[in-house]
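The values are calculated or read from the model by the stated rules, or taken from the named source; none is laboratory data. For clarity, every value in this text was computed on a predicted model and none was experimentally measured. Here Cβ is always computed from backbone atoms with ideal geometry, including for glycine, and neighbour counts include all displayed protein chains.
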Amino acid sequence: MELSNLVWRKASKSHEDGDQCVEIASSFDEVALRDSKDRDGPKLVISHSDFRHFAKLLRNL
């Protein structure tokens, strides 16, 4: 996945101050996640199916 061409977005329920936000970007077959405070820091890249599973787990917390 080429990360430099991605369009990143924050969750709609993120805080206005942005101090605890994760941003995501999606390509055809993968999803990338990053810390909004450290945009040049590490990114996690996972498949769409793994992301759906991850999101489901978070909703059930």
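For this structure, a couple of remarks:
- Within the range 1-19, the set of residues being at pLDDT below 75 and of a type in the set (S, T, N, Q) comprises SER12, SER14.
- The number of residues in the range 32-61 that are of a type outside the set (Ser, Thr, Tyr) and either in contact (Cβ under 8 Å) with a residue 40 or more places away in the chain or in a helix (DSSP H, G or I) (or both) comes to 13.
- The test for being out of contact with any Asp or Glu (no Cβ under 9 Å at 6 or more places or on another chain), at pLDDT below 95 and among the β-branched types (Val, Ile, Thr) does not hold for VAL22.
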